[in-house]
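Notes follow once the structure below has been shown.
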Amino acid sequence: MQLKEFSLINLQLEASLVFQAIKTVIEPEMIEEALEKTNSFESRQRKLTSSLVVCLVIAMSYWSSDSMTTVLKNLVNGLSKQWTKLGQSWKTPVSSSISEARQRLGCQVMSQLFNSIVKPLANSETPGAFLGGLRVMAVDGTLLDVPDSQANAKVFGYPGSRKGTKAGFPKVRMVLLIETGTHLITDALMCPYRIGERVRALKLLRSVNKSMLLMWDRGFHSYQMLNSTLAHGCQYLGRVPSNVKFPYHQILDDGSYLSWINPDRKSKKKGKTKILVRVIEYSIETDGELKTYRLITSLMDLALFPALLLAEQYHQRWEIENTIDELKTHLLGRKTPIRSLKPREVVQEIYGWLLGHYAIRSLMFQASEQGNISPLRLGFTGTLKVIRRAIPDFQDLEERQVPFFSHG
């Protein structure tokens, strides 16, 4: 026996309806602007509008273990409750329609949206976000497994393996720029596995400036990294591989010393000259063994930046590892984090995933400001659960508002 007769409706849903819960971070107008700049609007009226597909791609990371149709149902769940009250039903598109909509959207609009939204947010009151007036940033890389399709393998490639064997999945290499005091990813680049993270990190320097202190691990050490960082007016604090030697030029009062780093052959041909560096050496006892660290920095003021302070600060660089863990473990709880079978949709999905993380961390920052605490004291997984509940709750409009929906 049918409890109530329902009429089928075909609504043109837009970002302004579905993303009320996070619109303080991702405003519907920003999505519309990104669509316009990339000419990504649909050529005819469709049930899955371009702005709805953008929201869907971002929401894929919030419900990462669900199918695409279920993610879409979760995304419009609050609106569905209102339609039910009016005896109306919106038929969820099938998975093939969602795939076609994602293909029509492409990846350029997601990268445009990411680049227009992300930025550092910490202020002078944010605990641990600044050192001597410099905003503390860190750069690091990570790898992502993508589905083992022929197209993904051709574009992204496999890591090396023993003769006669093949790695299980193609991999995307990512390099991230992170504000350590908030865990916000403020820039990101992706590339095939074969391209080294050191090469991509040089391009990532487009987002640093003279107000920042950039930290990196020994894998990023190079003359070009130092030279390019200084060319952007940014200060640096980086770890050096053990095989790199520095002659003593002048020993300083705090035990650090001045030395030089010479240009590599390619840089020397371009007329580059040696760079003065300050070297800090120290040892930490771990499990009964002493481990020696060597750092180099452009910070020469011993009163403002003593060696001990910089050594302590460098170990805050590991906050970037926590950020990567948030991305790969807590946000994307899948055996294969990325689900797309084609390279263009892989790139689209990764940008949506980065935007999803940025929205969570931005809302955590806003909450920490109201509570006057560090944003790093708030739980990432708990906040993700709150946002999952909030997205439909914010769509639970009063019945008198429902007629303002646009019917297609």
**OP:** Express in nm, to one decimal, how much length is gained between Met300 and Ser96 on full extension, taking 0.36 nm for each residue of separation and deducting their alpha carbon distance.
**Re:** 67.5 nm
Subject >> Over 21 Å (Cα to Cα) - which of Lys47/Lys335; Lys154/Lys266; Lys163/Lys328; Lys203/Lys270 fall in this group >> reply: Lys47/Lys335; Lys154/Lys266; Lys163/Lys328
Subject >> Reduced Cα scattering model of the chain, Debye log10 I(q)/I(0), q = 0.09, 0.13, 0.14 Å⁻¹ >> reply: -0.63, -1.14, -1.26
Original post:
At 20 °C and 1.002 mPa s, what whole-number value in µm²/s does Stokes-Einstein give for the translational diffusion of the range 127-338, with Rh from the Kirkwood sum over Cα pairs?
Top reply: 114 µm²/s
Original post:
Which of the pairs Lys81/Lys385; Lys210/Lys274; Lys81/Lys342 have their Cα atoms more than 24 Å apart in this structure?
Top reply: Lys81/Lys342
Subject >> Cα shape, the range 286-331, gyration tensor, a/c 1.5 rule >> reply: oblate
Subject >> Degrees separating the helix 28-37 axis from the principal Cα axis of the chain, which is the longest one >> reply: 80 degrees
**OP:** Can you bin the range 44-181 into rounded, prolate or oblate? Criterion: square roots of the alpha carbon gyration tensor eigenvalues sorted a ≥ b ≥ c, rounded for a/c under 1.5, prolate for a/b above b/c, oblate for the rest.
**Re:** oblate
Subject >> Signed unit charges on C-beta, dipole axis of the range 127-338, positive-most listed residue Thr292, His330, Ala188 >> reply: Ala188
**OP:** Between Asn322 and Lys272, take the C-beta separation as r, use R0 = 30 Å, and let me know the FRET efficiency to the nearest 0.05.
**Re:** 0.25
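Throughout, read-outs are computed from the coordinates displayed, never taken from laboratory work. Since the model is a prediction, treat every value here as computed from it, not as a measurement. Here Cβ is always computed from backbone atoms with ideal geometry, including for glycine, and neighbour counts include all displayed protein chains.
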